[in-house]
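Everything on this sheet refers to the single structure shown next.
The values are calculated or read from the model by the stated rules, or taken from the named source; none is laboratory data. Keep in mind that this is a model prediction, so the values were computed, not measured. Cβ placement follows ideal geometry from the backbone for every residue including glycine, while neighbour counts extend to all protein chains displayed. Ligands, DNA and RNA are stripped out before the accessible areas are found, and what is left, the full protein with its side chains, is counted by its heavy atoms. Shrake-Rupley method; radii C 1.70, N 1.55, O 1.52, S 1.80 Å.
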Amino acid sequence: MLMLVALSAVIVPFLLLVLLRMPAIKGMSISAVVVIILAMTVWGMEGQVIASSILQGVHKTLTILLILFGALVLLNTLRNTGAVTRINQGFQSISQDMRVQLIFVAFLFGSLIEGAAGFGAPAMVTAPLMLALGFRPLAAVATALIADSTAVAFGAVGTPVLVGLSTLPDAGTAFFKEVGVTVTLIDLFAGTFIPFILVLVLTLFFGKGKGIKDALVMIPWTLLIGITYNVSALVYATLFGPEFVAILGSLTGLVVAAVTARKGWLLPSTIWTDAKQEDFQDNEEKSEMGLIRAWFPYIIVVALLLLTRIVPWFKEFTQTAIDLSWSNILGVEGIASSWAVLYSPGTVLIVAALLALLVQRKSFNHFGRAAKQSFSTMKITAVTLSATLAMVHVFSNSGMNMNDLMSMPSYIAEGMAATFGPMWIFAAPFLGELGSFITGSATVSTLTFSPIQYNIAEATDANIKVVLAAQLVGGGAGNMICVHNVVAASAVAGMEGEEGNVIRKTLGPALLYGVLVGIGGFILMGIL
């Protein structure tokens, strides 16, 4: 009974969104009500804790909406200035094959944004870019979410490792580096296949009858990109630690992908465009804007994100100048929500949109029009995210109860540990996925579950670093199906109400990634 209640935050959304195909605004509102009622009646959470958890969720929603607005306003500004047209012409000059464009935009450029920003920003940036290339909305959103996985363990300049593992007994620079290296070793077995899985999803679900065949011919090139990213990630993790793995790995991958795609190495001779929108019109008018000038706003995004995260005085300024964080909400100790406005990727995206107008010598009216367009698409998303995050924080704070029960996440983890025992390495990534699915963050998933993973590894004489690495990679895989990432990515693509369809496309890859991580971890345990 208690296990069913603890899993209600997973089961109810899955039933309503995926099986009954409800729009997220309705499905997540119902899910939130069900979980809150069960938390009060069965788990024994007091009304004050429930209320503060709901307010925590609403406050957290505002932080995500800022990122969403920033992603939308940058995209709409660049559409208005013609920069998106020029960027797409650049991609098309490398290859007009949508399978190749997918790897460039979703996997490699998305991994670069993940390494610099994290927190759901990559899919919100890459899905609209793919829409502008002509990808069908569902294809763009689903593949953008699947692609935002391998780089996640090192997202936001290593935050999942540095913050997610910070409460453990061994926490420290050397330990973080060793776990980071172990993550890359596991991903040599698992993450290497993500580019091919992306192409397979694209051709299988959005092709015209030859999905598997159209994917198989891409195996040599996609494996080259997967191996390039993950081998370089191993080198960078070994040399520099976890902070710059995703950034440097994706840049390395972009160079190799550009050279090989231009020369047609390991690529089929046929051009695949089956996933293109039926009514899509390629912009035949060539933009006179220089490619560097068109890309400049995204260069600014990466540069500012790095500055705010690695330059000490600038980091301190952005974290403290406009701090709208809320501590001890309604007087409940430990329930808080942080929001350093200038440190947010959303603010960086807005600044980049404004600077784009200066660099591209365009009128500031473009920004005003873009802001208006962006606000109009966010109304439903705001309600949906509020319901989702209210449910998430009630679930996470459920350890504060009158029945002396552990929190719902801990209860689930203990039950899984008792079931799997010595074979825990196969379950460890799925606990990471579960955490990301519910909380929407690999960092929060790892913060929540890494102590449990650590204790289970000790109790079963498993390699602690391998188990923790499996948690981190699993947290990245959970990004594919995380409800609020799905809601936000769907919003930027104009697909409100289609969230269940998106999860149906991303669930299989998320589960497959977890299986590959378990196998990789098991092999690694035998080697180390």
Quiz item: So how much accessible area does residue 458 have, in Å² to the nearest 10, using a 1.4 Å probe?
Solution: 100 Å²
Quiz item: Spin-label point model (7 Å from Cα, Cβ direction): what's the residue 328 to residue 354 distance in nm?
Solution: 3.5 nm
Self-check item: Cα-centred dipole magnitude for the chain, charges only on beta-carbon of K, R (+1) and D, E (-1), debye, nearest 20
Solution: 1420 debye
Quiz prompt | Selection from 245, 305, 319 lying farthest towards where the dipole of the stretch 227-329 points positive, charges on Cβ | solution = 245
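Relative contact order (percent) for the stretch 282-406, with alpha-carbon contacts under 8 angstrom and 6 or more residues of separation? Could you put the intermediate results ahead of the total?
On the way: 81 pairs, mean separation 23.4, N = 125.
19 percent.
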Self-check item: Under 23 Å from residue 213, Cα to Cα: lysines that are on another chain or at least 8 residues apart
Solution: 263, 276, 505
Quiz prompt | About the Cα centre, charge dipole magnitude for the stretch 248-379 (Lys/Arg +1, Asp/Glu -1 at Cβ), debye | solution = 360 debye
Exercise. Could you tell me the distance between the Cα centroids of the stretch 232-280 and the stretch 448-509, to the nearest Å?
Key: 23 Å
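Could you put 380, 425 in order of accessible surface area, largest first, with the 1.4 Å probe and the full protein assembly present?
Values: 380 85, 425 10 Å².
My answer, sorted largest first, is 380, 425.
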Quiz item: Expressed as a rounded percentage, what relative contact order does the stretch 146-280 have, with Cα pairs under 8 Å and six or more residues apart?
Solution: 29 percent
Exercise. Rank 68, 209, 489 by how far each Cα sits towards the positive end of the charge dipole of the chain (+1 on Lys, Arg Cβ; -1 on Asp, Glu Cβ) and give me just the farthest.
Key: 209
Quiz item: If you bin the C-alpha pair distances of the stretch 440-528 every 10 Å from 0, what whole percents do you get?
Solution: 17, 39, 27, 13, 4
Quiz item: By how many degrees, between 0 and 90 and to the nearest 10, does the Cα long axis of helix 291-310 differ from the longest principal axis of the chain?
Solution: 30 degrees
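What length, rounded to one decimal in nm, is gained on full extension from residue 96 through to residue 255, with 0.36 nm per residue of separation minus their alpha-carbon distance?
On the way: separation 159, 0.36 × 159 = 57.24 nm, distance 1.77 nm.
So the extension gain works out to 55.5 nm.
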Quiz prompt | Inter-part distance where the stretch 72-109 and the stretch 375-409 are each reduced to a Cα centre, Å | solution = 35 Å
Self-check item: Extended-chain gain in nm, criterion 0.36 nm per residue less alpha-carbon gap, residue 21 and residue 365
Solution: 119.9 nm
Quiz item: Among the lysines, which fall within straight-line cross-link reach of residue 379, defined as a Cα-Cα distance under 18 Å, with same-chain neighbours fewer than 8 residues apart omitted?
Solution: 26, 60
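Please identify the chymotrypsin sites (Phe, Trp or Tyr not before Pro) of the stretch 342-408 that satisfy two criteria: DSSP loop assignment and at most 15 other Cβ atoms within 10 Å. Which are they? Please report the intermediate quantities before stating the final value.
On the way: sites: 343, 364, 367, 375, 395; in loops: 364.
Hits after loop and neighbour filter: 364.
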Practice problem: Please identify which residues in the stretch 10-29 have an amide N closer than 17 Å to a label point set 7 Å out from the Cα of residue 511, following the Cα→Cβ vector. | Solution: 10-21
Practice problem: Mind pulling the angle between the C-alpha long axis of helix 483-492 and the longest principal axis of the chain? Nearest 10 degrees, somewhere in 0 to 90. | Solution: 20 degrees
Quiz item: In degrees from 0 to 90, rounded to the nearest 10, what is the angle of the helix 173-189 Cα long axis to the longest principal axis of the chain?
Solution: 60 degrees
Quiz item: For residue 362, which lysines qualify as cross-link partners when the Cα separation must be under 24 Å and same-chain residues fewer than eight apart are set aside?
Solution: 286, 372
Quiz item: Which number do you get for Rg(Cα) / (2.2 N^0.38 Å) in the chain?
Solution: 0.92
Quiz item: Quick one: with all protein chains in place, what share of the accessible area of the chain is carbon or sulfur, to the nearest percent (1.4 Å probe)?
Solution: 65 percent
Quiz item: Got the relative contact order for the chain handy, in percent, Cα pairs under 8 Å and 6 or more residues apart?
Solution: 28 percent
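Going from most exposed to least, what order do 522, 430 have by accessible area with a 1.4 Å probe?
Numbers: 522 110, 430 60 Å².
Ranking 522, 430 by accessible area, largest first, yields 522, 430.
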Self-check item: Extreme residue, positive dipole direction of the chain, given options 133, 519, 449 (C-beta unit charges)
Solution: 133
